[in-house]
Amino acid sequence: MVAVTKDNVAEMQAKKGTILLSIKDLRVWFELRRFGFGHAGYVKAVDGVTFDVHHGEAVAVVGESGCGKSSLMKTILGLYKPTKGDVVFDDRNLKDLDTKGKRWFHARVGYVQQDPYGALPPFMNVHRILEEPLIIGGVKSKEERDRRITKALEEVKMSPVDDFLPKFPHMLSGGQQQRIVIARAMIMEPKFLVADEPVSMLDASVRVEILKLLSGLQKTHNLSVIYITHDLATVSYFSERIFVMYAGNLVEKGKVRQILDTPLHPYTMALLTGTSEPDAKNAETFKEIPPGEPPSLVNPPTGCRFHPRCSKIIAGLCDVEEPQEFEPEPGHLVSCWLYK
Amino acid sequence: MSQNNKLLRIEELILYFNTTQGAVQAVDGVNLDLDSNRAVVILGESGCGKSSLAKAILRLLPRNAGNYSGRIYINGQDVMLFTEEEFRQNVRWTSISMVPQAAMNALNPVMRVGDQVAEPAMVHLGVNKTEAIAMAKKMFQHVGVPEDFISRYPFELSGGMRQRVAIAMALITSPNLIILDEPTSALDVLTQANIFNVLKRLKRELSISFILITHDIATSSELADDVAVMYAGQIVEMSDAKNFFKEPLHPYSKKLMASVPRLHGDKEPDFIVGHPPSLINLAPGCRFADRCPSRFEKCVQDPPIIEKDGRKVKCWLYS
Amino acid sequence: MNTLKNSFREILRYPSAIMGMVVILLLVVIAAYAMIKIPYNNAITLWRGGEDVWYQNPKFAPPAWYNFFLSKKLPVSFTANTMDGSISKKITPGAQGTGTVDLSYTFDFNYDGYPQEMFLYFNNKFQHKQPFVSIMWLTPDGRKIRIGNFGANQKETYRFSQDEKLQIRLKNENVMEGLFVNPETKAPLKGKYQLLITGTTFEKDSDIDAEFVFHGQLYGMAGTDQLRRDLTVALLWGTPVALAFGLIASLGTSVLTMIIAAIGSWYGGWVDELLQRITEINLVLPFFSILIMIGTFYSHSIWVILGVTILLSIFSGSIKAYRAIFLQVKESMYIEAARAYGASDSRIIFLYLIPRMIPLLIPGLVSSIPAFVFLEASLAVLGLGDPVLPTWGKIINDANANGALYKGYYYWIMEPAALLMITGLGFAMLGFALDRIFNPRLRDI
């Protein structure tokens, strides 16, 4: 268990630099079948993704729908099997895990989903919802389970705890439901949290509250977090690094301020242009955004996948060869021929 | 009081719904003005009654509608006095049309999109099929959908494309006003920006007015000429966009503005404690009082609408 | 628990549901009453019948409340005996071990029709010398008719109608008419009749006990059948049998169907394909005919029939409906979350998928109970029912075999039919109301 206390703060800091999750050239392809029999190609949802997440680090994966971030996330959670490549968690490769190993893994990773109501079984009350992961994780003593449930609810600021234990999901507001989802993700005291658009279905005024809660939990428990979103504006409050994903690839990686202030990849620039801030002048200008739509993952364009929409295309290069990864400034990587 | 230059004027619009637990006061005395070729944004969170307001304007009442009263002047004429048939012929889709929430998911899956866009023209304008399809092609041009998509089915289109089709459907009868209910909430950033580009172009080229209903303050600034903030069935602030985004007046508006995360900002965003009241059996007095940081004794009474520098705000702080 | 309470409150909003529940409650009360008042073994013995069990009843007698509908009232059967004192007994010891036993029974006769038959069953105690009895009949208008004198054995049966001497004495072949007629009006004479038996015993410990059995035209609450059995036994006992059969079959089928659908839709692949093919083949098989075959060639036992019914009903069309819903629910976010925190497949099926389905299960379950009740009755009517159990279907079967409708014994068929209909109606009303509660989309219909 890893609350940061003054006793283990040195240990935590030492650990902080080390890598917890390592993704190496991950590919997740789904086979398309014609009439249930014939092979009709692959949906290459994740097609060559490499990155690391350190202990206690929060990273954001930003991309639009159809870029493969959901499939990436589910593979990290162990729900999908990688077609190629490795997912290495705490020095153990996911594909080498046996049943006991899988149980060890699931207890160390928490999952916060997008739809708070859908994420909770409607026929279980709060106590039961929170108890399930504990039972599966092998916590046999009832007192121990109840103690951990109470602690989890207090951490997500749902008190008085006893008021909420017998309630069913439909009796709670959206924000409260999402807190229960977070509590459930935290209850096995994981080292790693995967949050898939955790606030996009909540009201504006509640979003910030939940993001602050997640951020606080991350600091207290020294959690590593992957925060998946398409809303760039929230990223600066809750992440240290950003990975920008497009059509199954990571096109840019870097620290938050590097990406938000000096984006390099044309797609990242487009995302930033497209994000609005409350300013009356917006109504007077048109936004310059790349035409077209994200490509199909079955037949992605040759070369750089963004080239059909890119205004800075280098003919003969971008449409032919897939770009390598360059590092124009330390810690800021981009897969674009512009930076050769 | 000349109302001729005002395209739309709503006075004391009320719409309640009857439920087993009591009457839901969804729209509780709304006053709103809109000139031609202007866009007003109705800003509010879920449960404030903004979708019900759209339905109230277009008289799309559900079966359990209760109290429904007020005055809606379109170009000076009170359409609340119209019979159902008059309303259908003269207002719905001829004067005012609507793109409802999640319209892109509400397209008929077994009908080609071209036919769906042509349908309102055939029904409301009485044109024949060929002419209607020609009009639909023109609409596709306005909203930026390639012409050959006329013969495609909804499942062949992406989310952004389908939303544009829905806008085309609302556009084909050349209405003066289009109501858009959360037009981009389910769409990605770039698609969202595209849709707003379309709306801006329509406003500029076809001189259409818009009522944009949304909870997203940031994107609302893309289209807004005026902003109306709605809370618990009432409009609590009405202002022009420039002044609103610079500095909102009502405490709720201020908190909403403060809760928007910014790309380049140093301030941590704020949030509002508690949650909006249920619209059944509302307590008397100011409805925001129990969450308001500036609450004082006068707030036990329902505040009046106070005018300040051409802006309207429903708050005792400005009396 | 909360959802159950809320659902219950919802149910109360539907008058049809309330009626249905009242009917079902009534049936349950009847079933409980039947099982307590007439314990199982008792019921079986009674139903097996035999002359010594049912001798007191006439055959083919409609229920006593028929008189309510008739202008000419028919006589209702009754019995009286010395054992319980309904026939009064006076023993007067005489000289040298002899004694006189005076038995007297008075009863009212206010009917417009004549009884079927009357019996006297003597149960006498003696060692060597049998007692001598003399029977006298007193009419309301004061006439005294001598019935007969004879020596009575230990078990002596005196049948009024068969006594030829009595027929001669009454100048009437129809003894019953003769005993009850008003000689002037030729109509039945109403009033108090008295039966006097003067018995003479010739030993010290000799004793005479008698039972007077009056076979009227009507009998009891429900009437009798060809074996003189009181139909109330079968009607009462048919209730728990019907309810139990219906409930077990319905419950068993629904639960098993749901589990199979869950397993198939969760695992997919060949498991799912196999279960679907089995279902499709089963849908084509003629359900009722198979049951008849099994009943005819194998066994009539109700447990066998129940078992085969459930087996054939599990792979029904409902599997497809449940499977469709399961496939949808399987994609829910909370199922995905469960897989993410490591829940095993069986845990997900039984603790996450199936509880979601239970509210949808309930209306189907309730609505299918009458179908199974009728199934059991149908098989019984065809003669394939359990031969030992008294069930409603069996009553109809007996009635049919004895030509009840030809002979005008309508009560025999109407009573079980009415109970079957009421059962069906009760469950159907409740089932429809539940359907509208649990399937909100039907509420507008």
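Determine which lysines satisfy two conditions relative to C:Lys165: a Cα distance under 22 Å, and not lying fewer than 8 residues away in the same chain.
Those lysines meeting the cut-off are C:Lys144, C:Lys155, C:Lys186.
What residue among B:Leu249, B:Leu61, B:Leu263 has the largest mean-square fluctuation in a Gaussian network model of chain B, using Cα springs under 10 Å?
Of the options given, B:Leu263 has the highest mean-square fluctuation.
Could you state the principal axis extents of the C-alpha atoms in the protein assembly as shown, from the largest down, to the nearest angstrom?
Sorted largest first, the three principal extents are 141, 78, 66 Å.
If you bin the C-alpha pair distances of segment B:1-128 every 5 Å from 0, what whole percents do you get?
2, 9, 16, 20, 20, 16, 11, 5, 1, 0
Calculated FRET efficiency, A:Ser200 and C:Leu70, Cβ-Cβ r, R0 60 Å, to nearest 0.05?
Details: r = 80 Å, r/R0 = 1.33.
Between A:Ser200 and C:Leu70 the formula returns 0.15.
Identify the trypsin sites (Lys or Arg not before Pro) of segment C:49-97 meeting these criteria: DSSP loop state and at most 10 other C-beta atoms within 10 Å of the C-beta.
Loop-located and lightly packed - C:Lys72.
How large is Rg over Rh for chain A, taking Rg from the Cα atoms and Rh as the Kirkwood inverse mean of 1/r across Cα pairs? Before the final figure, lay out each step's value.
Numbers: Rg = 21.2 Å, Rh = 21.5 Å.
Answer for chain A: 0.99.
If I model a spin label at C:Glu331 and B:Glu147 as a point 7 Å from the Cα along the Cα→Cβ vector, what separation in nanometres do I get?
Roughly 3.7 nm, to one decimal.
Assuming R0 = 60 Å, can you tell me the calculated FRET efficiency for the pair A:Ala40 and A:Lys340, based on Cβ-Cβ distance, to the nearest 0.05?
0.95
When you take every Cα atom in segment A:197-339, what is the radius of gyration, and what is Dmax, the widest Cα pair distance, in Å?
Spelled out, the Cα radius of gyration and Dmax of segment A:197-339 are 16.9, 51 Å.
In debye to the nearest 20, how big a dipole does segment C:72-215 give about its Cα centre with +1 on each Lys and Arg Cβ and -1 on each Asp and Glu Cβ?
Details: 18 positive and 17 negative charges, 63 e Å.
With only Lys, Arg, Asp and Glu charged at Cβ, the dipole is about 300 debye.
With springs only between Cα atoms under 10 Å, which of B:Asn281, B:Asn31, B:Asn67 fluctuates most in a Gaussian network model of chain B?
Taking springs between Cα atoms under 10 Å, the residue moving most is B:Asn281.
For segment C:166-265, which GluC sites (Glu not before Pro) are in a loop by DSSP, counting at most 12 other Cβ atoms within 10 Å? Can you show the working numbers first?
Numbers: sites: C:Glu173, C:Glu177, C:Glu184, C:Glu203, C:Glu211; in loops: C:Glu173, C:Glu184, C:Glu203.
Within segment C:166-265, the qualifying GluC sites (Glu not before Pro) (loop, at most 12 other Cβ atoms within 10 Å) are C:Glu173, C:Glu184.
When the Kirkwood hydrodynamic radius is evaluated over all pairs of different C-alpha atoms of segment B:188-319, what value in angstrom, to one decimal, is obtained?
Every distinct Cα pair counted, the radius reaches 16.5 Å.
In units of 2.2 N^0.38 Å, what is the alpha-carbon radius of gyration of segment C:154-297?
2.19
Helix by helix through chain B, keep the DSSP H runs that span 24 Å or more along the axis on Cα and average at least -1.0 on Kyte-Doolittle, and give those back in order.
Qualifying helices, which must be both long enough and hydrophobic enough, are B:189-206.
Once Lys and Arg get +1 and Asp and Glu get -1 on their Cβ, which of C:Val308, C:Val23, C:Asn57 lies farthest toward the positive end of the dipole of chain C?
Positive-end residue among those listed: C:Val23.
Residue farthest toward the positive end of the dipole of the protein assembly as shown, with Cβ of Lys/Arg at +1 and Asp/Glu at -1: which of B:Gly66, C:Trp412, A:Gly254?
C:Trp412
In degrees between 0 and 90, to the nearest 10, how far off the longest principal axis of chain C does helix C:392-401 point, with axes built from Cα atoms?
60
Angle check, please: helix C:318-330 long axis (alpha carbons) against the longest principal axis of chain C (alpha carbons), in degrees 0 to 90, nearest 10.
Value to nearest ten degrees: 40.
Taking springs between alpha-carbon atoms closer than 10 angstrom, which of C:Ala340, C:Ala428, C:Ala242 fluctuates most in the Gaussian network model of chain C?
Taking springs between Cα atoms under 10 Å, the residue moving most is C:Ala340.
Applying a 10 Å radius around every beta-carbon, put C:102-112, C:288-298 in order of their mean neighbour count, most first.
Peptide ranking by packing, descending: C:102-112, C:288-298.
Within chain A, which is the longest segment that contains none of the GluC sites (Glu not before Pro) sitting in a DSSP loop with at most 12 other Cβ atoms within 10 Å?
A:1-287
Using the Cα gyration tensor of segment C:24-88, with a ≥ b ≥ c the square roots of its eigenvalues, what is the shape: rounded (a/c below 1.5), prolate (a/b larger than b/c) or oblate (neither)?
oblate
Can I get the semi-axes of chain B's equivalent ellipsoid? Compute them from the C-alpha gyration tensor as square roots of 5 times the eigenvalues, in angstrom, largest first. Walk me through the numbers on the way to the answer.
Details: eigenvalues 234, 105, 66 Å².
Result for chain B: semi-axes of 34, 23, 18 Å.
Zone of C:Thr92 (label point 7 Å along Cα→Cβ, backbone N under 13 Å): which residues in segment C:197-219?
C:198-201
Taking each residue in B:37-49, count the Cβ atoms of any other chain within 10 Å of its Cβ, then average. What number comes out? Don't skip to the end; give the middle numbers.
On the way: counts 0, 0, 1, 0, 1, 0, 1, 2, 5, 7, 3, 1, 0.
So the per-residue partner count for this stretch is 2.
Would you count, across segment B:161-268, every pair of lysines whose alpha carbons are under 19 angstrom apart, provided the pair is eight or more residues apart or spans two chains?
Summing the qualifying lysine pairs gives 9.
In Å, the Kirkwood hydrodynamic radius of segment B:232-273 over pairs of distinct alpha carbons?
This gives a value of 11.4 Å.
Suppose the chain between C:Val29 and C:Phe150 were pulled fully straight at 0.36 nm per residue; how much longer would it get relative to their current alpha carbon spacing?
Extra length available between C:Val29 and C:Phe150 comes to 38.5 nm.
Of the options A:Leu94, C:Tyr14, A:Leu72, report the single residue whose Cα projects farthest towards the positive end of the charge dipole of the protein assembly as shown (beta-carbon charges: Lys, Arg +1; Asp, Glu -1).
Farthest towards the positive end: C:Tyr14.
In debye, nearest 20, what is the charge dipole magnitude of the protein assembly as shown about its Cα centre with +1 on Lys and Arg Cβ and -1 on Asp and Glu Cβ, if you could check?
Dipole of the protein assembly as shown, to the nearest 20 debye: 1160 debye.
If you place +1 on the Cβ of every Lys and Arg and -1 on the Cβ of every Asp and Glu, how big does the dipole about the Cα centre of chain C come out, in debye to the nearest 20?
Values: 38 positive and 34 negative charges, 125 e Å.
The calculation lands at about 600 debye.
Could you work out [θ]222 nm for the protein assembly as shown from helices alone, using -39500 (n - 2.57) per DSSP H run of at least four and dividing by all its residues? Round to the nearest 500 deg cm²/dmol.
Calculated mean residue ellipticity at 222 nm is -11500 deg cm²/dmol.
Determine, from the Cβ-Cβ distance of B:Ser185 and C:Ile290 and an R0 of 60 Å, the FRET efficiency 1/(1 + (r/R0)^6), rounded to the nearest 0.05.
Numbers: r = 57 Å, r/R0 = 0.95.
After rounding to 0.05, the efficiency reads 0.60.
So which lysines can A:Lys81 reach, going by Cα to Cα under 24 Å and dropping same-chain residues fewer than 8 places off?
A:Lys24, A:Lys44, A:Lys69, A:Lys95, A:Lys100, A:Lys102, A:Lys191, C:Lys330
What are the equivalent ellipsoid semi-axes of segment C:72-215, built from the alpha-carbon gyration tensor (square roots of five times its eigenvalues), in whole angstrom, biggest first? Each step should come with its number before you reach the end.
Working: eigenvalues 163, 44, 35 Å².
Listed largest to smallest, the semi-axes of segment C:72-215 are 29, 15, 13 Å.
Identify the chymotrypsin sites (Phe, Trp or Tyr not before Pro) of segment B:260-319 meeting these criteria: DSSP loop state and at most 15 other C-beta atoms within 10 Å of the C-beta.
Here the chymotrypsin sites (Phe, Trp or Tyr not before Pro) that fit, given the DSSP loop and packing criteria, are B:Phe296.
Plugging the Kirkwood radius over Cα pairs into Stokes-Einstein for segment B:106-174, at a temperature of 37 °C and a viscosity of 0.692 mPa s, what D comes out in µm²/s?
286
No lab work stands behind these numbers, since they all come straight from the coordinates. What you are looking at is a predicted structure, and each value in this text was computed from that prediction instead of being measured. FYI the Cβ positions are ideal-geometry reconstructions off the backbone, even for glycines, and counts take in every protein chain you see.
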